[in-house]
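Worksheet: the structure to be examined is printed underneath.
The values are calculated or read from the model by the stated rules, or taken from the named source; none is laboratory data. Treat the numbers as computed from the prediction; the structure is a model and nothing was measured. Cβ: placed from backbone, ideal geometry, glycine included. Neighbour counts: every protein chain shown. In case anyone asks, the SASA skips ligands and DNA or RNA and just uses the protein heavy atoms, side chains included. Shrake-Rupley method; radii C 1.70, N 1.55, O 1.52, S 1.80 Å.
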Amino acid sequence: MAEPVAAVSIDAPVDLAAALSERIRGIGTSQIGLVADRGRDDPDVVKLWIGEGDLPTPPFIVEAAHRAMQAGHTRYTTSLGLPALRAALSAYHARHWGVDVPADRFAVTAGGMNAIMQAAQALLEPGDEILIPAPAWPNLAEAVRITGGVPVTVPYRIQPDGRFSLPLADIEAALTPRTRVIMVNSPSNPTGWTMPLSEMTALRDLARARGLWILSDEVYAHFTYGNQIAPSFLQICTEDDRLIVTNTFSKNWAMTGWRAGWVIFPRGLAPTFAKLGQYSTTSIPTFIQHACVAALEEGDGFIRTMVDRCAEARTILVDGLASLPGVTVAPPDGAFYLMPRIAGDEPSLELAYRLLREAKVGVAPGTAFGPEGEGLVRICFAISPELAREAVDRLTRVLGRI
Ligand SMILES: Cc1ncc(COP(=O)(O)O)c(C=O)c1O
């Protein structure tokens, strides 16, 4: 006779979340998501909480993807990326930074996020420490935790006028025998801090002296105000330095949903990144890679339009907010975020909820970027001048009350 099958009681709670790996259980919840969940569906809210511009992807890129699909570019391709795309990336770096990075030092990734994940996978042993200046885009630390590494934050200093700085001595003081990587995100999300070339050179020298890696996330390089482009570690490092640079198509060409980015690694590491790509995404869609070639080859004008638009919105928001009582804000050198300090002891998450409720403006709470962000909020200004004026008017009505 067959054994009776034990009935599974539907009342028996099975906490499968508790059965996951400790690393995965420790992953944080996004505070930006908490605020966005309360206002996402309200069409009256001016939504400045996400790191994304409001322009659509330019038609020449969309058409290139269509053409590639119609031409049958819908099959597997090499995991490092199409040779034509890697060559276009090399030419793009030569044109904008004057650097000679051969195509065989690039891998195409599923966005900047996947580039960072691959870098973390390549560099970190469990327990290895990586220094991250903070407040920081939260995905950086979470990618590190997923790989078993330990994110160690180095707080930016905030000047009385609201500017951010990062003295080399603060980085040096945070080093321990377990430190393996120093992460730099310049221009920074969320602070807008942009590392001058002289400070990059000093950090490179420190990293060389201690045998440390630099992981440089340069996704906002074009978004600088006053300069043509932000400096890159590629300008001062050799092909044999311990340097990994990550970048993305998302911000320059309004391609956040296309999930295309790239990683640049030292000479000789292509086989490693080919394997990392192979065993994570195997490649990004082939027709998207063709569209990426169009973005690189024909997209400089669109970048200029985006940056000029951001510059205008930045001025409107900084001028409008700086005059409000209790608000300290400096024009950021780069990226497309303001991080004003709002006086008072209201926790920044509560403040973000209140601005959503009372001003109908959606901002990201500073603490979404770590405890270092308490007292601050992040406002994305990759928007039209009209929307920037509307946001200032609404915020003035709430924050302007004495
Ligand atoms: C600092 C920083 N790095 C990397 C990325 C990655 O962007 P994506 O994965 O959309 O390419 C972002 C996106 O917001 C970012 O802010």
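Here N227 passes the criteria (1) modelled with pLDDT of 95 or more; (2) more than 9 Å from the ligand (Cβ to nearest atom) except the one numbered (1). The residue pairs whose first member lies in region 205-222 and is at pLDDT 95 or above, whose second member is of a type outside the set (V, I, T) and surrounded by fewer than 16 Cβ atoms within 10 Å (Cβ to Cβ), and whose beta carbons are closer than 7 Å, counting only pairs six or more residues apart or on different chains, are L206/L168; L206/E172.
Among the residues of region 327-337, which ones are open to solvent by less than 40 Å² (accessible area, probe 1.4 Å) and over 15 Å from the mean Cα position of the chain (by Cα)? The answer is V327, V329, A330, P332. Scanning region 217-276 for residues that are under 20 Å from I61 (Cα atoms) and of a type in the set (K, R), we see that the one that is surrounded by the most Cβ atoms within 10 Å (Cβ to Cβ) is K251. Just one of the listed residues (L55, L89, L34) is within 16 Å of the ligand (Cβ to nearest atom) and part of a helix (DSSP H, G or I), namely L89. Figure legend. Inter-residue proximity from region 223-250: first residues within 17 Å of Y92 (Cα to Cα), second residues open to solvent by 30 Å² or more (accessible area, probe 1.4 Å) and within 12 Å of the ligand (Cβ to nearest atom), beta-carbon distance below 6 Å, spacing 6+ or different chains. Indicated pairs: S250/T256.
Looking at R389, R394, R357, R401, can you tell me which residue is surrounded by fewer than 21 Cβ atoms within 10 Å (Cβ to Cβ) and assigned to a loop (DSSP other than H, G, I, E, B)?
On the way: R389 fails: assigned to a loop (DSSP other than H, G, I, E, B); R394 fails: assigned to a loop (DSSP other than H, G, I, E, B); R357 fails: assigned to a loop (DSSP other than H, G, I, E, B).
The unique qualifying residue is R401.
Residues A110, A103, A134, A122: which one is under 22 Å from G211 (Cβ atoms) and either within 16 Å of the ligand (Cβ to nearest atom) or assigned by TED's automatic domain parsing to the domain that holds G211 (or both)? Residue meeting the stated conditions: A122. When the criteria are applied in full, S216 fails the requirement of being hydroxyl-bearing (S, T, Y) and over 15 Å from the mean Cα position of the chain (by Cα).
Applying the selection to region 138-165, what residues are within 20 Å of M200 (Cα to Cα) and either within 15 Å of the ligand (Cβ to nearest atom) or open to solvent by 10 Å² or more (accessible area, probe 1.4 Å) (or both)?
First, pick out the residues of region 138-165 that are within 20 Å of M200 (Cα to Cα): 140, 152-158, 163-165.
Matches in region 138-165: L140, V152, T153, P155, Y156, R157, I158, R163, F164, S165.
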